[in-house]
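Take a look at the structure below.
The values are calculated or read from the model by the stated rules, or taken from the named source; none is laboratory data. All values derive from a computational prediction rather than experimental measurement. Virtual Cβ from ideal backbone geometry, glycine too; neighbours counted across all protein chains shown. Just the protein is used for accessible areas: all its heavy atoms, side chains included, with ligands, DNA and RNA removed. Shrake-Rupley method; radii C 1.70, N 1.55, O 1.52, S 1.80 Å.
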Amino acid sequence: MSRHADDAGQLPSPPRRAGWRFSLRGLLGLVVVVTMVGSHFYTSWKLRQAMVQLKQLRSEVGYLNETDRSKLVVAVVPTDEPLTWKIRVRTPALQTYQIAYSTLWAAGSAEPTWYSGQPLPGGESLVTLRLFSDPRDNRWKIITLVRNQGNLWRMATALSDRQATLFRGSHDTIRGGIQAETVVAAGRSLRVIEEKWFAGEGGLMLFGQEAPDDDIDGLFAELQPLPGLPFDVQENRR
């Protein structure tokens, strides 16, 4: 009887409520997972930002994509300097190229009248072409500068008084040649700069591949293969 009385006197246990129960270990695990996910998204965002900046930087310096080292590779280097053009060139070791330049495309000619050409050393070079007034003799000239591994070569040609007056003014221009993307050429000439200046009646363009009916002034540069042995840095140093 006493045993039954004791059992009858016990109060029933309250029912357990359903729900989430967090332990310290579970909370720490959740914090670790959230941190890892957040870190992943932040790293991905930073990587995308870095890739955008890298692409912009490459376009500013004329980055040459990795290509076959046995071929000629060239890209335009953007510049804010007036009457200045820059290109980055990588020439193959077993083939010599020169940068030919001109400021005149004569009437009836299939190509510009090339004044001269500066041979390029093997490897990567920065080529700069400028139209400027030489302070030493106050004559307007076109100058070609080639930089390669700390070496510098230069070549200049004086312009006529008519062209000097033209280039000092502001006139309509039409630009051709290559763009900022990397261009590859194997064993052939490549027109890298073709900027035509027009003034007055000469401003009427003649489109197509036909020779011009009138003289065209501008800035023209072409990479041309040369016969013979590869360029020798020591013998051509200036």
Roll a 1.4 Å probe over the protein heavy atoms and report the accessible area of Ile143 in Å², nearest 10.
-> 20 Å²
By the mean-Cβ-within-10 Å protection proxy, highest first, 117-128, 78-89, 25-36 rank as 117-128, 78-89, 25-36
Heavy atoms of Asp172 accessible to a 1.4 Å probe, total area in Å² rounded to 10 = 120 Å²
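Arrange the residues Ser170, Ser189 by how much accessible surface each exposes, largest first, with a 1.4 angstrom probe.
Details: Ser170 115, Ser189 55 Å².
I get Ser170, Ser189, largest accessible area first.
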Restricting attention to the range 110-191, which trypsin sites (Lys or Arg not before Pro) occupy a DSSP loop and are surrounded by at most 15 other Cβ atoms within 10 Å?
-> Arg136, Arg188
